[in-house]
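To start, the structure itself, in structure tokens.
Bear in mind these aren't lab numbers, they're just calculated from the coordinates by the rules spelled out. What you see is a predicted model; the values in this text were computed from it and never measured. Here Cβ is always computed from backbone atoms with ideal geometry, including for glycine, and neighbour counts include all displayed protein chains.
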Amino acid sequence: MEQNKENNFQNDDINERSQIQTTLKLKKLKDSGLIKNNQKSLVQQLKLNHGLYLNGCSLENSKQAVLIESGELNINLFDDQPSAYLSSFNSNENDGKLNESLRPTEICFNFPVAEITYNAGLSESFLNFTNDDEEKLFEMYGHLLPRKILIGGKLFIDGLESINSTQIDIFNSYLTWVYNFAKYKKEIPFNDLSAAQNHFPKITTTEGINLDTHEKLTDWMNNLYRDDKVEIISYNNLIPISQLKSDTISCNNLVLISKFDTTSSLIDEKQPGVANFKEKLTLENWAKYLKYTKLVKEFQLFQGLIIDQNFELKICEENAFELINFPNIDSNDKFYLEIIKPTLILEDIFIDNNIFLTDNNEDISSFPFFKVSADDLSYEDKAYFIVKCERYKISLNRNNIKPSEKFKQAIKEALESMKPLIYLQEIFDEYGHFISLSIILGKSLKNTIENSSYISKRIDLASLAFESLKSHLADFGITYLLTQKEDIIEENGLSEWIQNTKNDLEIIEYDNIIPLYDILEIEQKKKIDLILNKQNNFRIIMTGSVNLKDSHSITEKIIINIEPSLDNNNYEVFGSIVSKNNSKLEDTFVTFGSYEINKFSATTNISKNINISKEECRIIWMMIGNPSELSVFCPKN
């Protein structure tokens, strides 16, 4: 969206409340004498004694002051890294209405110069405010009171969706160079950046000025750190006004704000010009995060994986897991050849789908709900000739991922059903049987060497050098290679393919494979283990009871229906005849038999000597079997 040149933070309609827009000379803040002599003016200019009124998504200063003007003002130069904020704003929020004072940008960069804290007594008007109407309180004094304010500069970055991962890396390096040059006088290692900047995203200031040249950006950054004007860029450690008012009453009108125990009520941060943000990152790692989010979207990295009945790898549609912490993304520039000789049919299938079983991997064939069987396939004696050009390696830590809420809920509902094994299999078929904690992006080519006596090995090639690959093709008698899409690349096309490996990424390797089941919480895993019953133990499958009031004789065969029906009749039933108070009756017997998948029989034998009405008796029974064989397991068990 094109920024209106008119300052969006100014409000033409005064409405007894001034909207936030403050700039001042940094050199005034470095001289303690100037601060002391001009404290009242600075407090008034920055409205440090006012609250913040939340007008929709925008911030405005409160009508009335919350604090007095004669408090303690502290200003300290900020020496930490700048921050990057990834906005969660989108045009569909707020019924599709776009608030023009907020930027629908992807990233906002804050470059703090100084940190201001202001500690003062509560104003007389705030102390004497007795209106019980909370909305009136907010209207007069705002919703929040900031304890700390950051001043500096703010840049908005648009158009990041149109640049690739390599350009993001270059832009991040460039922005870091400009920042270090302005603040620390570190020289930029390149003389001419005009060509590189043609691929950069759009950079604008809070005033809507487009910094579309290297000179404009460096001038803006230099002015920021060389005693020119700065602005309020962030409000931190925010106390809810309602909490402050409540504490004022309960603390017998203690007037110093520092004496209030408001730690548990603090809200971290609000920013002028940014509606909401979903991530706060450093200048150092924002590019890594953005690259990962792009890669997640492009390669569906949050989805589980299955190998279907055609022995092809499929990425499932549903998101199986969420991140707790950010993964590692390492840029690689590796060019090598692998000769891999599979020893099992299943290993052959994995290699054909870019799954490589190293020492880090578990036995995939033993994973819960993994259904692929290669027993009927004949083994071919061959080796794979694979050329790989690595660009990025994404590494996840098992402890830093958790199941998505939708996945957990689906598992919960399956475990509460009478046929959990069937529903669990359907869920894992939908969400995936396994995931990869290590994914390599780049480009690859492959072919096979039939009747091979070669052993598996890796051969490093000279960096993207065609000649180093050509000699190995001749050694192995290979005249062409295949892409992942099975396009043929002949020898005369290899040089062009090598040159294009930076521009088009694909997943060339899945490693460190774990079952998707492993990311579930302990309780759900225990319940699944009980159903899978790998120890082949007998369990109570289900229980029930049958009234005898309708029987006509002492000895009678009763048919008991099973709902839902079982997968087989490999089970046993045990039970007793009990009275209405659940006491077991002496001289009574019940035997069970005629086991079928949907019914069984119970034959009663009640002694004539028992003086009790059959209407007061019933059979209680329990079925014993293997839940993984019967596919039925009552959740109450």
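Which pairs break 23 Å Cα to Cα here: LYS148/LYS185; LYS216/LYS291; LYS382/LYS457; LYS314/LYS443?
Going by Cα-Cα distance, LYS148/LYS185; LYS216/LYS291 fall outside the 23 Å limit.
Which lysines have a Cα lying under 23 Å from the Cα of LYS412, excluding residues fewer than 8 positions away in the same chain?
List returned: LYS371, LYS402, LYS525, LYS526, LYS527, LYS534, LYS636.
Would you mind putting 485-498, 414-427 in packing order, based on average other-beta-carbon counts within 10 Å, highest first?
In descending order of packing, they fall as 414-427, 485-498.
Just want the ordering: TYR118, TYR384, TYR480, from fewest to most Cβ atoms lying within 10 Å of their own Cβ.
Neighbour counts put them in this order, fewest first: TYR480, TYR384, TYR118.
What are the ³J(HN,Hα) values, in whole Hz, obtained from phi via the Karplus relation 6.51 cos²θ - 1.76 cosθ + 1.60 with θ = phi - 60°, for each residue of segment 556-571 in sequence order, with x given for Gly and Pro?
After applying 6.51 cos²θ - 1.76 cosθ + 1.60, I find 8, 9, 10, 8, 10, 7, 9, 9, x, 6, 8, 7, 7, 9, 8, 8 Hz.
Mind listing the phi-derived Karplus ³J(HN,Hα) values for segment 624-634, rounded to whole Hz, using 6.51, -1.76 and 1.60 with θ = phi - 60°, and x for any glycine or proline?
Taking θ as phi minus 60°, the curve returns 10, x, 9, x, 6, 8, 7, 6, 10, 7, 5 Hz for segment 624-634.
Please order HIS472, HIS143 by the number of other Cβ within 10 Å, starting at the fewest.
Least crowded to most crowded, the residues run HIS472, HIS143.
Using the Karplus curve 6.51 cos²θ - 1.76 cosθ + 1.60 with θ = phi - 60°, what ³J(HN,Hα) values do you get for each residue of segment 337-349, in whole Hz, with x for Gly and Pro?
So the Karplus estimates, Gly and Pro as x, are 10, 10, 9, 10, 10, x, 10, 10, 4, 5, 5, 4, 5 Hz.
Taking the beta-carbon count within 10 Å as an exposure proxy, list TRP286, TRP177 from fewest neighbours to most. Could the numbers behind the result be given before it?
Details: TRP286 23, TRP177 17.
With the sparsest Cβ surroundings first, the list reads TRP177, TRP286.
Convex hull volume of the Cα atoms in segment 300-523, per residue, in Å³?
129 Å³
Name the long-range amide H neighbours of SER404: under 5 Å, sequence gap of 5 or more, or other chain; modelled H, no Pro or chain starts.
Result for SER404 returns PHE321, GLU322.
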